[in-house]
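Here is the structure we will look at, set down as structure tokens.
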Amino acid sequence: MNDIPQMKKAHKILAKMDFKMKKVEQGYAGQTLYINISNGEMKSKPVTQQMKDLFIGGKGFGLWLLWNGIKDDTKWDSEENEIVIANGPLCGTSSFPGSGKSLVTSISPTTGSVIDSNVGGHFGPLLKFAGWDALEIQGLAKKDVIIFIDAVNEQITIEEAPLEAINAHMVSEQLTEMYADTEEEKHNISVVSAGKGSENVLIGCLNFSWWDWRRQATRIKQAGRGGIGSVFRKKNIKAVIVKTPNLRPKWTISERQTEEGVI
């Protein structure tokens, strides 16, 4: 792995916003996060009762936010095209199968129309635990940027990040290592990225990371439909990172293995 402190030192903060974590109640944090990487605008949008009643779930929220964020002639590579990552009211509830999923929506490079793609990993639940029911990204960055949603310090930043890798398996490892102050905190970090190939094709996928304590490494799941990874790289986004406070017992690996019956 490359020099992590040097990478972090090379970051340049372009915009930041402080926020207060909201408690999730009955499946909702009650707010969505809007970020425009063209002008640095960031704001919270309320989750209305109409959204809960008519557009329940990650797909519904994503389509609603996308519908209201774009125009009827928006193209996949237009500046106003959005990438929306949303989680439903059951997201992060381990009692239900598939509750780690999040839904991604955008205008697709492959169809020219609206596309949605579901994906596993930990980003959806961690975004929910950070206090957000959806993340809406619009705009076009001039240089490669990362978006860091830091629920520990309750701050969101858009930063130029020139030295990190672009390919998903590498940048996920680098940013997980960069923002984890302890080994245990790696469980509370997830990175969204798209590889170098997404810059050259229209079928690029988005990669969502999670920390695998058994392998002691980051692993990734893909939102593979519709070429949303190509939209991600067209916007010059290198990665989106979410970090939450510690939400799990502080077990050692051997203790966790014993608890789960592995040994």
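A compact table of results
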| item | result |
| --- | --- |
| Filter result (under 17 Å from GLU164 (Cα atoms) and in a strand (DSSP E or B)) within the range 221-241 | ILE237, LYS238, ALA239, VAL240, ILE241 |
| Test result for LEU140, under 26 Å from GLN26 (Cβ atoms) and modelled with pLDDT of 95 or more | no |
| Any strands (runs of 3 or more DSSP E) falling wholly within the range 115-193 and containing at least 3 residues that are out of contact with any Phe, Trp or Tyr (no Cβ under 6 Å at 6 or more places or on another chain) and of a type outside the set (S, T, N, Q) | 145-150, 155-160 |
| Test: residue in the range 107-125 that is closer than 19 Å to ASN236 by Cα, within 17 Å of the chain's Cα centre (by Cα) and crowded, with 18+ Cβ neighbours inside 10 Å | no |
| Residue count for the range 61-97, restricted to those that are closer than 26 Å to ASN188 by Cα and free of Cβ contacts under 8 Å to residues at least 12 places away in the same chain | 4 |
| The range 6-28, subset modelled with pLDDT of 95 or more and farther than 18 Å from ASP144 by Cα, residue surrounded by the fewest Cβ atoms within 10 Å (Cβ to Cβ) | ASP18 |
| Residues located in the range 35-58, provided they are under 27 Å from ILE158 (Cα atoms) and touching a helix residue (DSSP H, G or I) at 6+ places or on another chain (Cβ under 9 Å) | LYS45, VAL47, GLY58 |
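The values are calculated or read from the model by the stated rules, or taken from the named source; none is laboratory data. Note that the structure is a prediction, hence the values are computed from the model and not measured. Counting neighbours? That spans all protein chains shown, and the Cβs are built from the backbone with ideal geometry, glycine included.
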